[in-house]
Amino acid sequence: EAGVAQSPRYKIIEKRQSVAFWCNPISGHATLYWYQQILGQGPKLLIQFQNNGVVDDSQLPKDRFSAERLKGVDSTLKIQPAKLEDSAVYLCASSYDGFYEQYFGPGTRLTVT
Amino acid sequence: EDQVTQSPEALRLQEGESSSLNCSYTVSGLRGLFWYRQDPGKGPEFLFTLYSAGEEKEKERLKATLTKKESFLHITAPKPEDSATYLCAVRDNAGKSTFGDGTTLTVKP
């Protein structure tokens, strides 16, 4: 069974630029999550989708971050404009539904200079 | 607001030296406590799910236990390949996940 795919793996941008991350979850998984993980900390939930609807985006900085999940499968997370404090690893995860274990992708390491 | 606190932040063991990692939590209706392992540069990897106090799960040298306020991950006779960061997470009644900051385990040969 293929795992969660993410791209790109690494991205370096200057502050005020925009960036987008892509995630393809495990086939058949209804729930998709985006997390931000700062070095030395645990993953912090940014947004959770159930199929193509948003379940929780309470910690998503909506003035600069946006996310969508097309047709309940792939998802993109965008940051515009980026700030220095956005430097982190962005993890995508999926689960069969919102109460099962999550399977994580390898993450995208973002560096904002 | 759900909270998860893991201790210690870092743990160094000699190969074969058993120990335990702690995960203390407060949650509005526990619908599952999860343990994950994270290697450097990789995403977390699922280890265990515990649902109710008294429950235990085992996998190789790892054993997870759960009480109403905390969970322990016991590591018996660890090997260098067990070195990783171990993350604890809780799921509440609304399906929201909250992660702790992890314990970084280093096992020296």
Per the list (1) within 24 Å of B:Val107 (Cα to Cα); (2) within 11 Å of chain A (Cβ to nearest Cβ), residue check on B:Tyr51 breaks on (1)
Assess whether B:Lys68 counts as being out of contact with any Phe, Trp or Tyr (no Cβ under 8 Å at 6 or more places or on another chain) and within 30 Å of A:Arg9 (Cα to Cα). no
Just one listed residue, out of B:Gly32, B:Gly43, is within 14 Å of another protein chain (Cβ to nearest Cβ), surrounded by 13 or more Cβ atoms within 10 Å (Cβ to Cβ) and not in a strand (DSSP E or B), and it is B:Gly43
Could you list, in sequence order, the residues of the stretch B:84-109 that are within 23 Å of A:Ile38 (Cα to Cα), away from every other protein chain (no Cβ under 14 Å) and crowded, with 17+ Cβ neighbours inside 10 Å? B:Leu105
Do the conditions hold for A:Gly40, that is, is it away from chain B (no Cβ under 14 Å) and over 14 Å from the mean Cα position of the chain (by Cα)? no
Taking the stretch B:1-35, which residues are hydroxyl-bearing (Ser, Thr, Tyr) and out of contact with any Asp or Glu (no Cβ under 6 Å at 6 or more places or on another chain)? B:Thr5, B:Ser7, B:Ser18, B:Ser19, B:Ser20, B:Tyr25, B:Thr26
Against the condition of a type in the set (S, T, N, Q) and more than 14 Å from chain A (Cβ to nearest Cβ), how does B:Thr65 come out, does it pass? yes
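Residue-by-condition table, conditions (1) among the acidic types (Asp, Glu); (2) at positive phi; (3) in contact (Cβ under 8 Å) with a residue 60 or more places away in the chain:
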{"position": "B:Thr26", "(1), (2), (3)": "no, no, no"}
{"position": "B:Gly32", "(1), (2), (3)": "no, yes, no"}
{"position": "B:Leu47", "(1), (2), (3)": "no, no, no"}
{"position": "B:Lys57", "(1), (2), (3)": "no, no, no"}
{"position": "B:Glu81", "(1), (2), (3)": "yes, no, no"}
If you scan the stretch B:57-81, which residues turn out to be charged (D, E, K, R) and not in a strand (DSSP E or B)? B:Glu60, B:Arg61, B:Lys68, B:Lys69, B:Lys79, B:Glu81
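Okay, residues lined up against (1) in contact with a Lys or Arg (Cβ under 6 Å, 6 or more places away or on another chain); (2) within 14 Å of chain B (Cβ to nearest Cβ); (3) closer than 24 Å to B:Glu1 by Cα; (4) not hydroxyl-bearing (Ser, Thr, Tyr):
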site	(1), (2), (3), (4)
A:Val54	no, yes, yes, yes
A:Gln59	no, yes, yes, yes
A:Lys62	no, no, yes, yes
A:Val73	no, no, no, yes
A:Leu77	no, no, no, yes
A:Ser87	no, no, no, no
A:Tyr90	no, yes, yes, no
A:Ala93	no, yes, yes, yes
A:Tyr96	no, yes, no, no
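Each reported figure results from applying straightforward, stated rules to the coordinates on display, with no laboratory input. Note that the structure is predicted; figures quoted are calculated from it, not measured. Because the Cβ atoms are built from the backbone with ideal geometry, glycine has one as well, and the counts that use them run over all protein chains shown.
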